[in-house]
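Data first, discussion second: the structure below is written as structure tokens.
The values are calculated or read from the model by the stated rules, or taken from the named source; none is laboratory data. Treat the numbers as computed from the prediction; the structure is a model and nothing was measured. So basically every Cβ, Gly included, is an ideal-geometry build from the backbone, and we count neighbours across all protein chains shown. Heavy atoms of the whole protein, side chains included, go into the accessibility calculation; ligands, DNA and RNA do not. Shrake-Rupley method; radii C 1.70, N 1.55, O 1.52, S 1.80 Å.
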Amino acid sequence: TFTLSEASSSFAAEDITVSGGTLSSFTATSSTVYTVIFTPIASTQSGSGSVSVAGATFTDAAGNSNTASSATTISYDTLVPTVSLARSGSGTLNSTQTSTITFTLSEAATDFAVGDITVSGGTIGALTTTSSTVYSVVFTPTANTNSGTGTISVAGATFTDAAGNSNTASSATSISYDTAVPTVTITRAGSVLRSGITERITFTLSEPSSTFA
């Protein structure tokens, strides 16, 4: 809001000096009161805007030129935080294995929680905090599943930075797993064997194996 000490018919948006952002919606409330909307520069983590009126930019009814105003400063943080995911190890998990998922935030947050994490194809344990930007959980795949895929991600607008900016959504981390424990059944064709007779015993595995011997 700009308040002039006396009425002016020549005060205009072009009389305003701005840095660190843009001005819009110049509005005259009266002959001495005007307003504008200041919008800070986007994607800036630590910025400062300045708005002022230079001297000799408008006049009163008698033609006297104005003196310069003091500058109004506005600090801002318009950088939206992001989060990236990484898993420990690689390849397909078996029934005895888990995987640690690490979440790295682009800037500090105090409200990132396990509830912000979306998981399918398994479960995650408690959130471990390494620092204000690094967190981890342990992923356990769904049991008794022959060919499964787990996914872990963080949806948008689930946590904020110190300035209150909400995060963007992460990409999803996928983990393949096979937690079905193989079984074997044994069958025979006959009943009681007599002297000199042999019998073939059949072993049927529930899934292929290259180590059955």
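What the table below lists for this structure:
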quantity: Values of log10 I(q)/I(0), in the order q = 0.16, 0.17, 0.21 Å⁻¹, for region 105-157 under a Debye, Cα-only, solvent-free model; calculated: -0.53, -0.58, -0.80
quantity: Diffusion constant of region 5-91 at 4 °C, which comes from Stokes-Einstein with the Kirkwood Cα-pair radius and 1.567 mPa s, µm²/s; calculated: 83
quantity: Convex hull volume of the chain per residue (C-alpha atoms, cubic angstrom); calculated: 160
quantity: Region 115-148-region 1-64 distance, computed between alpha-carbon centres (Å); calculated: 52
quantity: Residues of the chain: accessible area per residue with a 1.4 Å probe, Å²; calculated: 58
quantity: Net charge over other residues, Cβ less than 15 angstrom from the Cβ of Phe103 (K, R count +1; D, E count -1); calculated: -3
quantity: Contact order normalised by residue count of region 1-155, Cα under 8 Å, 6+ apart, percent; calculated: 17
quantity: Accessible surface of region 104-200, 1.4 Å probe, proportion on carbon and sulfur as whole %; calculated: 54
quantity: Portion, in percent, of the accessible area of region 1-51 that falls on carbon or sulfur, probe 1.4 Å; calculated: 52
quantity: Region 40-166, Cα convex hull volume normalised per residue, Å³; calculated: 130
